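The values are calculated or read from the model by the stated rules, or taken from the named source; none is laboratory data. Please read all numbers here as calculations on a predicted model, not as lab measurements. Note: accessible area is taken over every heavy atom of the protein model, side chains too, but ligands, DNA and RNA are not part of it. Shrake-Rupley method; radii C 1.70, N 1.55, O 1.52, S 1.80 Å.
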Amino acid sequence: MDTLNIGLKKAHILAKKGATHEVVNSITAKVNYATKSYSNRREAFERTVKIFKGDQ
């Protein structure tokens, strides 16, 4: 099994820890380990949180 599949299979476990920057970063580290997309992921996370809270 390659590293990407291992990361994807464990991402849901990490996601259950909550909606925090630390959790988003830990998931990004598993799923997108070979990219430099952390800032994009954080921005998307912040937008999503605002939308779900109704703070568009």
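The candidates I51, I27, arranged from most to least accessible area with a 1.4 Å probe in the full protein assembly, appear as I51, I27. Listed by chain and number, the lysines whose C-alpha is less than 18 Å from the C-alpha of K10, apart from same-chain residues fewer than 8 away, are K30.
When the residues F52, F45 are ordered by accessible surface, computed with a 1.4 Å probe over the protein chains alone, the sequence from largest down reads F52, F45.
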